[in-house]
Amino acid sequence: HEYTNPHVMFPGFADAKAAAAGTTAETAAIELAAHGASVVEIKKDGAAWKVVDGSHYNRRLTLNTEMALSGPAAGHDRLKTSSDATGTKVLGMINNCGGGWTPWGTVLTAEENFHQYFGGDPAATPETENYKRYGIKGEPSYPWGKFVDRFDVTKELNEPNRFGWIVEVNPYDPAFVPVKHTALGRFKHE
């Protein structure tokens, strides 16, 4: 679930700009739950594919799902936040675009365009150059930072650094904690 279209999701908005201006704490929470990915078991039933209702594989990965950071950047000071002093855990994945199967049966998915989710004044932080490089201007398409501190760079300085990674998901193990692999680089993966 790469992104949401709030003007389609919520009634009364003519376009994305109007929806952004009308974002509330409630709609922001709904959008956080709508981003991410779904794992759904399907089976062929005659000539049609059908969802296996109640499958233990079926689950949602949202912007509130705990994920692990691994590799050389895991634990770095620039990945530490008030909710994760270790810099090894992050909530959610965002703007996932593309991906594929690994030879060992997991899925790799790529985070892109994470810049559009972060508000606050980038110039008022020590991360100004980093934010500029990634296009974080403090004018997000999704103004969640008004209601969720981790999406405001002046309140949670390192949160944007926790996105832009390749994320590994195991669709066959519901207990598997998704992993953001920092060794594969951080950028707007397309």
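The values are calculated or read from the model by the stated rules, or taken from the named source; none is laboratory data. Predicted, not measured: the structure shown is a model, and the values here were computed from it. Cβ coordinates were reconstructed from backbone atoms using ideal geometry, including for glycine residues, and neighbour counts include every protein chain displayed. The area values use the complete protein model at the heavy-atom level, side chains included, leaving out ligands, DNA and RNA. Shrake-Rupley method; radii C 1.70, N 1.55, O 1.52, S 1.80 Å.
Things to note:
- Value in Å of the Kirkwood radius, where the range 111-190 supplies the Cα pairs that are averaged: 13.4
- The Rg/Rh ratio of the range 79-132, with both radii computed over alpha carbons and Rh defined as the Kirkwood radius, is 1.07.
- The chain, helix-only ellipticity at 222 nm - DSSP H runs n ≥ 4, -39,500 (n - 2.57), divided by all residues, nearest 500: -3500 deg cm²/dmol
- Of Val167, Val39, Val153, the one that fluctuates the most in a GNM where the chain has Cα springs shorter than 10 Å: Val39
- Mean projected area (nm²) of the alpha-carbon convex hull when the chain is viewed from all directions: 12.4
- Taking the Cα centre of the chain as reference, the dipole from Cβ charges on Lys and Arg (+1) and Asp and Glu (-1) amounts to some 200 debye.
- One chain, two ends: Ser83 and Ala34. Fully extended at 0.36 nm per residue, the span grows by 15.5 nm beyond their Cα-Cα distance.
- Distance between modelled label sites at Glu2 and Phe147, nm, 7 Å Cα→Cβ extension: 2.5
- Sulfur and carbon atoms: percent of accessible area, the chain [1.4 Å]: 56
- The Trp101 and His76 beta-carbon pair, evaluated with R₀ = 22 Å, returns a calculated FRET efficiency of approximately 0.15.
- Simple spin-label estimate for Asp53 and Thr154 in nanometres, 7 Å along Cα-Cβ: 5.0
- Inverse mean reciprocal Cα-Cα distance (Kirkwood Rh) of the range 1-86, Å: 16.4
- Between Phe151, Phe118, Phe176, the Gaussian network model of the chain with springs among Cα atoms under 10 angstrom shows the greatest mean-square fluctuation at Phe176.
- Residues considered: Thr62, Thr109, Thr86. Largest GNM mean-square fluctuation over the chain, using C-alpha springs under 10 Å, is found at Thr86.
- Net charge of neighbours whose Cβ lies under 12 Å from the Cβ of Arg186, counting Lys and Arg as +1 and Asp and Glu as -1: +3
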